Each structure stands twice: as structure tokens, then as C-alpha cells.
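Here's the structure, in C-alpha cells; my notes come after.
Every number here is computed from the coordinates shown, using simple stated rules; none is lab data. Note that the structure is a prediction, hence the values are computed from the model and not measured. Glycine gets a Cβ as well: all are built from the backbone with ideal geometry, and neighbour counts include every protein chain shown.
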Amino acid sequence: MISQTPLDTHLESLLAFIEKAGLDIGTVEDEQTLSTCYIEALEGLQGRKTKGRYRAANIVLDYDQASEFCRLLSDDDLTILDDKNQAQVISQEPDPLVEKKAMLLRSAIECLGVLSSEHKCLFDFLITDIFLMPSKDASGGSTSSAIGVIWANPKITHRVPDVVEFIVHELTHHAMFIDEHRYGHYDHRALMNPDSWAQSAILKVPRPLDKVIHSIVVATEIVMFREKFIGHPAAPLMHPPTPKILAQLVASVDSVEEVIGRHEHAGIASVSSRTKALLSGVRDIVESDALCKYRTR
């Protein structure tokens, strides 16, 4: 998604999102006014207020404020890092390590800007609020019902590069949310039918098609970010090693394409041409010469 799509296209999608929210994009004159309009669109569509501003995401440590953000996130819609969907995955209790986790998160955001100006630019536009709350099961997540908001729960044993990968992971979900608003990725009537489920690229379990496609695109972005910026770690803590991700991506894309083909044979258009283009781009990346040495035979 981020690697497959030029930054200008992401910003065009942001304008389309703002316009769909009923705002006048004629008032957008520069990056600052684009960000202001985006935040206004989010507040109008989602009924929430944000303290975050362009290049200044609001990092929420206060328990009461974080609890308010928890209520924005629907367990049924939460796309969490380890690709599970467990009820009450966020623990509703204060975190004694919240200050240390926030320091790690801030260091990772700063590191992201050093590594990739494009990723940091997109982060500065899309992410308005990050709240920290503990969990026994996950390191964070995002949901389409709260675009611009990330729940973060890094372990204090995580290294800065691992948390950078977490940020790239969540940023990719939000870029996908905005892209979906612009292009329409799925026929939502068909998504919850178990017959349309496919194999996830993270845990290799059957999930609804939209979740699986998100999983595919996110996993691809992690591989590409490693390839371009931070290298391929031998023992990563946040995501699997690259060879394992690539093997799971191949199986997951095959699974999705089988579902899509079966639907089309039955006269059902379950995904849009934009979604097909993203999946085709993923396959090209996975099969590229640059990643040949990481593919398992």
C-alpha cells in the first residue's frame, strides 16, 4: 500500500476522503490546511474530538482519557497486530509501565522520520491520536471505526526497530482505510459469509476477506520496509522473519485469489479492480529478484 502507491496518490485519497465528508477541498492550500480539513472530516464522520495536529500526534497516557479512546474501538472490527480477534483484548486497567512504553513509542516515531521521510509524512497526516493501554494478548491495533487512532501496547523489552515496524504496520491499516473510502475495495454484503473467508497472512487462519487482504498488504509493507530501510532481522520481536512472512504471503494471496475466482464464476464481484491491483502488486513484490534469497523453496 505505502510502498506500492506514491505519496501524491495518498494525499489525493486524503482529499477524496475530505470531500466525501462534505467539506470544501477548495480551502486546502498547503499541508497545514490539508491536515486541518482531514481532522475536521474525522471529527464530523466519527463524532470525536482530537488534540492531535499535523506533525504532532496526541499520545495519550492518562488512564481516563485512554479509556475514552477504548470506547471508540469496536472489538468486532479491531485489526490487532497478531491478527487475532479476541473479545475484550484491551485490559481496562492502569498500566504501571505506561511512561516507559511512551518513551519507546516516541523514539520509534522519531526513528521512522530518520529512516523514511515519506512514511513519516504520511504518519503526520493520518495519525491524530495514539493511546496506550495494556493487554495480555496483543501489542496494539487499529479499526476502521476510529480512523486516525492507534492503540499501542509495546513491550518494554522491544527494541526501537521493532516498534518502528509496529508503527508501519498500523500506518498501513490507516492508509488502507482511506484508500477504501476513495475506491471501495469490497462488496460488504459478501464479506461475512464464511464461504468467502480466506487464509490470513499473519497467523494462517481463515478470516473474512477484508481482514485477510489487510493482513496481506500489511505483511508486504513490513517486508518492503525491511528491504528498503532497516534490513531483514534474524530474530525480529514484532513480526515473523522475512522468509516466513513471504511463505505465508504466497499461501494467503493464493487463498484470496481462489475465493475471488470462485465468486466471479458464480457471478459475484466480491472485490474491486483496485483491490485486485493491490494483490497483483503484492505478488510482484513477493516474486521479485530483490527478495529471491529470502524465499523458501
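Out of all DSSP beta bridges with both ends in the range 1-183, state the antiparallel percent to the nearest 5. Don't skip to the answer; put the middle values down first.
On the way: 5 of 12 bridges.
Looking only at bridges with both residues in the range 1-183, the antiparallel portion is about 40 percent.
Work out, step by step, the length gained on full extension between T36 and K276: first 0.36 nm times the residue separation, then minus their alpha carbon distance; give nm to one decimal. Mind dumping the intermediate values first?
Values: separation 240, 0.36 × 240 = 86.40 nm, distance 3.23 nm.
Difference between extended and current length: 83.2 nm.
Evaluate the distance, in nm, between pseudo-label points positioned 7 Å from the Cα of I268 and of K136 along their respective Cα→Cβ axes.
The two pseudo-label positions are separated by 3.7 nm.
Take each of the peptides 4-10, 206-212, 146-152, 131-137, average the number of other beta-carbon atoms within 10 Å over its residues, and list them starting from the highest. Walk me through the numbers on the way to the answer.
Numbers: 4-10: 14.1, 206-212: 20.9, 146-152: 25.6, 131-137: 18.9.
Order by mean packing, descending: 146-152, 206-212, 131-137, 4-10.
Under the rule of at least 5 residues apart or a separate chain, name every residue whose amide H is placed under 5 Å from the amide H of G184.
Amide H neighbours of G184, under 5 Å, 5+ apart: none.
Gaussian network model of the chain, Cα springs within a sub-10 Å range: biggest mean-square fluctuation belongs to which of V28, V217, V271?
It is V28.
What nm value, rounded to one decimal, do you get for the distance between S107 and D187 when each label is placed 7 Å out toward the C-beta?
Using points 7 Å along Cα→Cβ, the separation is 5.0 nm.
How much length, in nm to one decimal, is gained on full extension between D64 and S91, taken as 0.36 nm per residue of separation minus their Cα-Cα distance?
Between D64 and S91, full extension yields 8.4 nm more.
So if we plug the beta-carbon distance of V114 and L72 into 1/(1 + (r/R0)^6) with R0 = 30 Å, what FRET efficiency do we get, rounded to 0.05? Spell out each step's value before the answer.
Values: r = 31 Å, r/R0 = 1.02.
Calculated transfer efficiency: 0.45.
Report the paramagnetic label zone for R53: residues of the range 97-129 whose backbone N is under 15 Å from a point 7 Å from Cα along the Cα-to-Cβ axis.
125, 128-129
What is the gain in length, in nm to one decimal, between R295 and A16 on full extension, counting 0.36 nm per residue of separation less the C-alpha to C-alpha distance?
Details: separation 279, 0.36 × 279 = 100.44 nm, distance 3.77 nm.
Going from the current span to full extension adds 96.7 nm.
Using a Förster distance of 30 angstrom, determine the FRET efficiency expected from the C-beta separation of E99 and K244, and round it to 0.05.
Values: r = 34 Å, r/R0 = 1.12.
Rounded to the nearest 0.05, the efficiency is 0.35.
Contact order normalised by length for the range 1-183, with contacts defined as Cα pairs under 8 Å and 6 or more residues apart; what percent is it?
Details: 264 pairs, mean separation 49.5, N = 183.
Reported as a whole number, the value is 27 percent.
Enumerate the calculated ³J(HN,Hα) couplings along the range 23-37 in order (Karplus 6.51 cos²θ - 1.76 cosθ + 1.60, θ = phi - 60°), each rounded to whole Hz, writing x wherever the residue is Gly or Pro.
Each residue of the range 23-37 in turn: 9, 8, 6, x, 7, 7, 10, 7, 4, 5, 6, 5, 5, 4, 5 Hz.
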